[in-house]
Amino acid sequence: MRPQHTERLRRLQTLLKDRVLSAALLTDPSTITYLSGFISIIHTPVHVPTVTAVVPAVGDATFLVQESELSLLPPLPYPARVAPYGTPGERRAAVVSALEVASTGHALGVERRRMPTVLMDEIEGMAAHRWDLVDISQATVELRECKDPWEQAQAGKAAGLVRHAFEVARNALAPGAYELAIKALMERECMAKAVAMCPGDTVQTQFNVVCRERLEELHGLARAAAAPETGTGFVLSNVRVNGYWADLARTVLIGPADPELRSASEAAARAQLQALGLIAPGATIRSVVARMEEMVRIEGHGLQRRFRAIRGLGLETAESPDEDEPQGVFRSGQLLCLQCYLAGRRGIVGRSDTILVTESGAQCLTAEAG
């Protein structure tokens with residue numbers, strides 16, 4: 001299966017026509033990856049992106065690429081112009097030139113909410129008295145929301161790697177084991193498996209291991225600290241294959257099981273499973289979250305749910321669909337993280353899984369981790 005980039009470009013140009021926009025200036029690294037396959041080595045919310053795309057509603061796109069990353073741009077599967085630049089001044093001139101060619105009207109789509117402030121200021125300066133800027137940030141995210149077969153395959157490979165890395169960590173997590181040592185072991189074993197499983201693919205990882213007697217902060221950094229004789233461990237396993245993420249995280253009980261922690265951990269698993277059973281095309285996000293909340297109330301024990309139950313996965317680890325979309329419904333092809341974390345007197349416990357929405361319901365890509 002090859003990436004369907006030509007179809008993706010066509011969908012974007014249809015969106016521009018529907019909104020009566022003459023062109024779009026695209027700067028979000030995830031949008032660039034979606035349209036071209038280019039994966040930037042610099043992907044931060046404050047750094048000016050090294051690739052910018054100018055896409056007209058009709059005609060060929062232009063990709064402006066920093067000379068130092070020109071070799072990373074894959075062959076484009078559709079007619080497009082590639083314009084290299086060196087200095088920031090050359091970049092500004094190239095953007096203006098490309099927009100003047102692409103724009104046949106005054107309305108220009110930009111990803112206003114998805115670019116560094118310094119870049120937005122620069123674009124507003126270039127557009128002054130030439131174009132009216134229209135924010136299409138959410139529209140480009142929604143464009144990527146339903147994954148095509150190639151994208152689903154990348155997420156499937158990433159899910160296989162996160163399952164493997166998690167099992168490595170779970171087997172290593174014991175009283176006296178060091179957080180950083182387990183994290184390093186996950187990295188080594190995951191990459192060894194990636195060599196065999198994903199030849200030719202771009203693989204990136206994000207692992208974390210946090211062990212405490214009373215675990216109250218799941219997102220603390222792994223450190224050179226040994227796991228206690230009894231308590232709670234949290235293992236996070238994120239892997240990105242060709243740009244597409246899979247996410248798996250779990251509470252792991254250390255030493256003799258504390259009855260309260262075990263009960264809360266099992267309650268989180270049951271609540272997540274109940275929510276999973278409702279996910280299907282046409283089901284509302286609200287109904288799935290309500291089912292999870294109902295199960296948490298039934299379990300009692302004074303437990304409170306923490307964090308979002310649903311967040312989209314794809315080229316980012318938090319995109320659409322999202323729990324905060326009150327009118328949102330599930331659609332076939334969506335990839336998401338379904339998670340349930342509960343806070344009680346003894347700390348926080350819970351789990352995260354990568355879910356693919358199919359025509360027949362929800363498929364848990366990380367189910368093998370148990």
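Checked across the stretch 75-82, the condition of being at pLDDT 90 or above, out of contact with any Pro (no Cβ under 9 Å at 6 or more places or on another chain) and either under 16 Å from Leu119 (Cα atoms) or small (Gly, Ala, Ser) (or both) holds for at least one residue.
Residues considered: Ala139, Ala169, Ala184. Of these, the only one that is crowded, with 16+ Cβ neighbours inside 10 Å, closer than 30 Å to Val235 by Cβ and under 28 Å from the mean Cα position of the chain (by Cα) is Ala169. It is to be established whether one or more residues within the stretch 308-331 are in the same structural domain as Thr205 (by TED's automatic domain parsing), farther than 26 Å from Thr33 by Cβ, of a type in the set (Lys, Arg) and outside any strand (DSSP E or B). No, the stretch 308-331 contains no residue that is in the same structural domain as Thr205 (by TED's automatic domain parsing), farther than 26 Å from Thr33 by Cβ, of a type in the set (Lys, Arg) and outside any strand (DSSP E or B). Taking the criterion of being touching a Leu at 6+ places or on another chain (Cβ under 7 Å) and not hydrophobic (A, V, I, L, M, F, W, C), the residues of the stretch 160-219 that qualify are Arg163, Lys193, Asn208. Of the residues Leu21, Leu25, Leu73, the single one that is touching a strand residue (DSSP E or B) at 6+ places or on another chain (Cβ under 7 Å), free of Cβ contacts under 8 Å to residues at least 40 places away in the same chain and surrounded by 17 or more Cβ atoms within 10 Å (Cβ to Cβ) is Leu73.
Exactly one residue among Gly277, Gly282, Gly314 is buried (at least 17 other Cβ atoms within 10 Å of the Cβ) and among the small types (Gly, Ala, Ser), and that residue is Gly314.
Hey, among Arg351, Arg345, which residue is of a type in the set (Lys, Arg) and at pLDDT below 95?
Exactly one residue qualifies, and that residue is Arg345.
For the stretch 152-176, the candidate set comprises residues that are assigned to a loop (DSSP other than H, G, I, E, B) and either in contact with a helix residue (DSSP H, G or I) (Cβ under 9 Å, 6 or more places away or on another chain) or of a type in the set (Gly, Ala, Ser) (or both); within that set, the residue that is nearest to Val357 (Cα to Cα) is Leu173.
Would you be able to say whether some residue in the stretch 232-248 is touching a residue at least 12 places away in the same chain (Cβ under 8 Å), within 15 Å of Val349 (Cβ to Cβ) and surrounded by fewer than 23 Cβ atoms within 10 Å (Cβ to Cβ)? Before you say what the answer is, go through the steps one by one.
Pass one, the stretch 232-248, residues touching a residue at least 12 places away in the same chain (Cβ under 8 Å): 232-248.
Still in the running and within 15 Å of Val349 (Cβ to Cβ): 232-236.
Okay, now just the ones that are also surrounded by fewer than 23 Cβ atoms within 10 Å (Cβ to Cβ), so none.
For the stretch 232-248, residues touching a residue at least 12 places away in the same chain (Cβ under 8 Å), within 15 Å of Val349 (Cβ to Cβ) and surrounded by fewer than 23 Cβ atoms within 10 Å (Cβ to Cβ): absent.
Contact map, the stretch 256-269: first residue in a loop (DSSP other than H, G, I, E, B), second residue among the small types (Gly, Ala, Ser), Cβ cut-off under 8 Å, separation 6 or more or different chains; pairs are Asp258/Gly231. Evaluated against (1) crowded, with 21+ Cβ neighbours inside 10 Å; (2) more than 30 Å from Thr33 (Cβ to Cβ); (3) not β-branched (Val, Ile, Thr), Gly300 falls short on exactly one condition, (1).
The values are calculated or read from the model by the stated rules, or taken from the named source; none is laboratory data. Keep in mind it's a predicted model, so treat the numbers as computed, not measured. Neighbour counts run over all protein chains shown; Cβ positions are idealised from the backbone, glycine included.
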